[in-house]
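Some notes on the structure that comes next.
The values are calculated or read from the model by the stated rules, or taken from the named source; none is laboratory data. From a predicted model like this one, the values you see are computed outputs, not experimental measurements. Here the Cβ positions follow ideal geometry from the backbone for every residue, glycine too, while neighbour counts run over all protein chains shown.
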Amino acid sequence: MQLKFTSFSLAILAASLGTGVALAQGAGAAPDRAARYAALAELPAFEGVWQADRGSVTRLRAAEGDAPLTAQARAVVDAYNAAKADGRNTQTEGANCMPVGLPGAMRYPYPIEIIYSPGKVNIVIETHSQVRAIHTDGRALPEDPDPLFNGTSVGHWDGNVLVVDTIGLSPQISLIAGLHATENTRIRERIQLETPERLVIETTITDPALFTAPFVTTMAYKLEPDWEIREYVCQENNRDAADAEGRPSMDLGLGARD
């Protein structure tokens, strides 16, 4: 029997062959994707919900008071604290529901969740419902980063320690109360497990205009296996809004003040 092909049947045949090629390519790609996800099981057990240790927060605040500030930075912080003592600047930028950025976002009394994906460590921060990406795919830090609240973070594994470098922090965020980041601010974090249920992050901040020496602090977190990250909408009932001078303002809040 002689087969006759019309232009339509040829088109169908070509399409089916093309589909077969695509399916074959997809089948080849699937094991690679599976392998990349399987490799995540070999990483340290950071995944889960973690709550900042209260004692660590207390020690951190004390350390901020002794930070190795330059004379110029010390004058800025002293002026801020004096204004706060006089009843002015009683609110920070967070009062108007602006994200606090790094390093503050990792130091709130609300939980964080660490989730692995190929080439990336994702940190879900309950405060302001943020997701922080730490790229571990071998990329370099950008030479001219866009200023972001959490900056741009690139990490690599040093044994069981995740070493993270962050640059490009927005000048709107505060490194400590009253002191804002500059384009030369750099943060390095060393994240590791002290025990299966205790995560420790050593944070080093450097900036030649602000610090006379690296400013090193440590925070610890407790694993909370039964917790889930909840929705956080600061604007929903904000009672702490402030004007441009840091003074409480009813007009800027969405909820009535007491």
Looking at segment 165-177, is at least one residue surrounded by fewer than 19 Cβ atoms within 10 Å (Cβ to Cβ) and among the β-branched types (Val, Ile, Thr)?
no
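When you scan segment 171-181, how many residues do you find that are under 21 Å from residue 110 (Cβ atoms) and in a loop (DSSP other than H, G, I, E, B)?
Matching residues across segment 171-181 total 3.
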Hey, can you tell me all the residues within segment 193-205 that are of a type outside the set (A, V, I, L, M) and within 16 Å of the chain's Cα centre (by Cα)?
202, 203, 204
Could you say which residue among 173, 201 is at pLDDT 90 or above and closer than 21 Å to residue 56 by Cα?
201
Segment 101-138, subset under 20 Å from residue 185 (Cβ atoms) and free of Cβ contacts under 8 Å to residues at least 24 places away in the same chain, residue farthest from the chain's Cα centre (by Cα)
135
Considering only residues of segment 165-180 that are touching a Leu at 6+ places or on another chain (Cβ under 8 Å) and free of Cβ contacts under 8 Å to residues at least 40 places away in the same chain, which is farthest from residue 74 (Cα to Cα)?
165
Contacts under 6 angstrom Cβ, first residue in segment 42-64 being touching a residue at least 12 places away in the same chain (Cβ under 8 Å) and closer than 15 Å to residue 177 by Cα, partner of a type outside the set (Ser, Thr, Tyr) and assigned to a strand (DSSP E or B), 6 or more apart:
64/176
Give the residue that is farthest from the chain's Cα centre (by Cα), with candidates limited to residues of segment 147-160 that are surrounded by fewer than 17 Cβ atoms within 10 Å (Cβ to Cβ) and either more than 27 Å from residue 74 (Cα to Cα) or of a type in the set (Phe, Trp, Tyr) (or both).
159
